[in-house]
1. Taking a ≥ b ≥ c as the square roots of the eigenvalues of the Cα gyration tensor of segment 70-115, is the shape rounded (a/c under 1.5), prolate (a/b larger than b/c) or oblate?
2. Apply the Karplus parameterisation 6.51 cos²θ - 1.76 cosθ + 1.60, with θ equal to phi minus 60°, to every residue of segment 68-82 and state each ³J(HN,Hα) to the nearest whole Hz, in sequence, with x for glycine and proline.
3. Could you please rank PHE302, PHE166, PHE218, placing first whichever residue has the fewest other Cβ atoms within 10 Å of its Cβ?
4. Gaussian network model of the chain, Cα springs within a sub-10 Å range: biggest mean-square fluctuation belongs to which of GLU68, GLU89, GLU238?
5. Once you order the gyration tensor axes a ≥ b ≥ c over the Cα atoms, which shape class does segment 270-330 get: rounded for a/c under 1.5, otherwise prolate or oblate by comparing a/b with b/c?
6. Per-residue ellipticity at 222 nm for the chain, helices alone: DSSP H runs ≥ 4 residues times -39500 (n - 2.57), over residue total, nearest 500 deg cm²/dmol?
7. Return the long-range amide H neighbours of GLY321 (sequence gap of 5 or more, or a different chain), with a cut-off of under 5 Å between placed amide H atoms.
8. Hey, if you put +1 on the Cβ of every Lys and Arg and -1 on every Asp and Glu Cβ in the chain, which of ASN353, CYS382, LEU62 ends up farthest toward the positive end of that dipole?
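Every number here is computed from the coordinates shown, using simple stated rules; none is lab data. Only a predicted model underlies this, so the values are computations on that prediction, with no experimental measurement involved. No Cβ is skipped: glycine too gets one built from the backbone with ideal geometry, and neighbour counts run over all protein chains shown.
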Amino acid sequence: MKIHEYQAKAILERFGVRVQRGLVAETPEQAAAAYDQLGTPLAVVKAQIHAGGRGKAGGVKLVRSREEAREAAARMLGSRLVTPQTRPEGQPVRLVFVADGLDIAREFYVGVALDRRLGVPVMMVSAEGGVEIEEIAAHRPQAILRQPLDADRGLADYQARRAGFFLGLDGEGVRKAVPFLAGLARAYLDLDCTVAEINPLVLTSQGELVALDAKMAFDGNALDRHPEVHALRDIHEEDAREVEASRHGLNYIALDGNIGCMVNGAGLAMATMDTIQLHGGSPANFLDVGGGASEEQITQAFRILVGDPQVKAILVNIFGGIMRCDVIARGILAAARSVEMRLPLVVRLEGTNVEEGRRLLAQSGLPITPADSLDAAARSVCQSVLAAA
């Protein structure tokens, strides 16, 4: 789960991380009032969306008066911001963050993420702030210092000092960096984050370290432990189909293809998408109904697939272990009848009660194409899309 910049800054501040002071606004008039309340000659208006690259897309604007703040907010609010991290149609802006302008001397990067090779969270710092860390890692890996975190102790003081010196800070700057970096690490660990990033971290002309931006994302499986974090969820920033799927306990991720997939098990789902692409098709989604889905969940999953206007055909690939194939079949039939199914539908069932499941589908009278293997199912659904094109 992702949250907005202003929310991430509020969290980090609780952990002793100094952040840019600011106020949230939903209207241009609120943005003008926020500028007045901040009382600084220079402020910045930032569009709040769950994506990076806002500055280059026109989502960050320096302002020097309440009228400029109002005008900047008016241009952003209600617009669709297109960045490298959004879909092609962009993300609508519903909120802006009006924050203090700072006299910036230097910019850095600092972030914490899981290093899957080491199997532990790693803090990364770089003296090159304000750019994508992936670019630095690809072209100048020596410009990044990586330090593993201890899950219990967090970032040790000596590690924080090492990071400060790596960034080129002087003695006083290093002293201030120790609690700052330790707080970021503690927030990541205590709140079950998947990412906690400050880009850029700035050193002001007054010698203060301040989080100019902040990005945090959290492990959805751990949100029950953090209701205060879960309460920050903004479903307007999420794909409507993914939100609907989560309401029914389904694992769904929207993709850009045109073949809807309904599979049980993450590994089988990945194999199904790979096989579709092997035969020249393009998956429209990742959808794992799980090992114990009910008939109602299957019906809801089917409705989500049919409701996607990009979907031109559907492939159901179920291996019934705990999941019974007859339950899957009844769910498919109930959904197909309720939505007046008009798309090509290919179904491959295998496992528990498979004969009963196949019998129900065969006797349904619905135009369902059966398949005996994943390869045959993927080939069939790809051919159906080509035939309809």
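1. Numbers: a/c = 2.76, a/b = 1.21, b/c = 2.27.
Taking the square roots of the gyration eigenvalues as a ≥ b ≥ c, segment 70-115 is oblate.
2. The phi angles translate into 5, 5, 5, 5, 5, 5, 4, 5, 7, 5, x, 7, 10, 8, 10 Hz.
3. On the way: PHE302 26, PHE166 18, PHE218 23.
In increasing order of surrounding Cβ atoms, one gets PHE166, PHE218, PHE302.
4. GLU89
5. On the way: a/c = 2.49, a/b = 1.40, b/c = 1.78.
Cα axes put segment 270-330 in the oblate bin.
6. Values: 13 runs with 144 residues, N = 389.
Taking each H run of at least 4 residues, the total per residue is -11000 deg cm²/dmol.
7. THR352
8. Of ASN353, CYS382, LEU62, it is LEU62.
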